Amino acid sequence: MAASPGAHPPFQIRPARDADRLPLAVLFAAVAEERDGIATEPPVDLEARAASWTLEGSFVAVAGAEMVGSLHVEPSRHGFGEIGMAVARQWRGRGVGSALLAASIEWAREQGLHKLSLSVFAHNAAGIALYRKFGFIEEGRRVKHYRRASGELWDALEMGLLL
């Protein structure tokens, strides 16, 4: 549902902070439970995930007290950043991914990165459409790259955006 002109979206995007570690891990585990959008599958060790989260380059989408999305840019010493994103199922299609991507692109430019890269499952049509909307292009396909717990082998598309 589109917001009316001048209305604030029902969520906010902001840099992640230390207090976000456990909510980030809980969101990550919930998306992993779906076994469809991210490479990690359950079980997820919440404490270990929370402790290991890199906050620098991480953005969160929050609706009230609820963590509804996250995006992390991992800068490389070679001038590009690798993106990982998760959006709570009930918040998909409501602008959360777009807002997270916009914030991360701005941040990456401020950091002097020349490119953003990501890997997405080849069957994730909604994710691929979102990335294309922001100008990401397909740079390659990794055939049968991810072995899933089910034994299936899934392709991944490599996408990139020159900044």
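Quick notes
- So ALA51, is it in a strand (DSSP E or B) and touching a helix residue (DSSP H, G or I) at 6+ places or on another chain (Cβ under 8 Å): no
- Long-range neighbours under 7 Å by Cβ, at least six apart or interchain, first residue small (Gly, Ala, Ser) within the stretch 44-59, second in a loop (DSSP other than H, G, I, E, B): SER58/ALA16
- PHE121 vs. criteria among the aromatic types (Phe, Trp, Tyr) and out of contact with any helix residue (DSSP H, G or I) (no Cβ under 6 Å at 6 or more places or on another chain): yes
For (1) within 15 Å of the chain's Cα centre (by Cα); (2) surrounded by fewer than 21 Cβ atoms within 10 Å (Cβ to Cβ), each residue gets a yes or a no:
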residue	(1), (2)
PRO15	yes, yes
PHE28	yes, no
SER52	no, yes
LEU71	yes, no
GLY79	no, yes
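- The stretch 106-131, subset without any contact (Cβ under 8 Å) to a residue 24 or more places away in the chain and within 24 Å of ARG14 (Cα to Cα), residue surrounded by the most Cβ atoms within 10 Å (Cβ to Cβ): GLU106
- Hey, GLU56 at pLDDT 95 or above, under 26 Å from ARG148 (Cβ atoms) and either among the polar types (S, T, N, Q) or exposed (fewer than 15 other Cβ atoms within 10 Å of the Cβ) (or both) or not: no
- Any chance GLU158 is acidic (Asp, Glu) and over 27 Å from PRO23 (Cβ atoms): yes
The values are calculated or read from the model by the stated rules, or taken from the named source; none is laboratory data. Just so you know, these numbers come straight off a predicted model, no measurement behind them. All Cβ positions, even for glycine, are placed from backbone atoms using ideal geometry, and neighbour counts span all protein chains on display.
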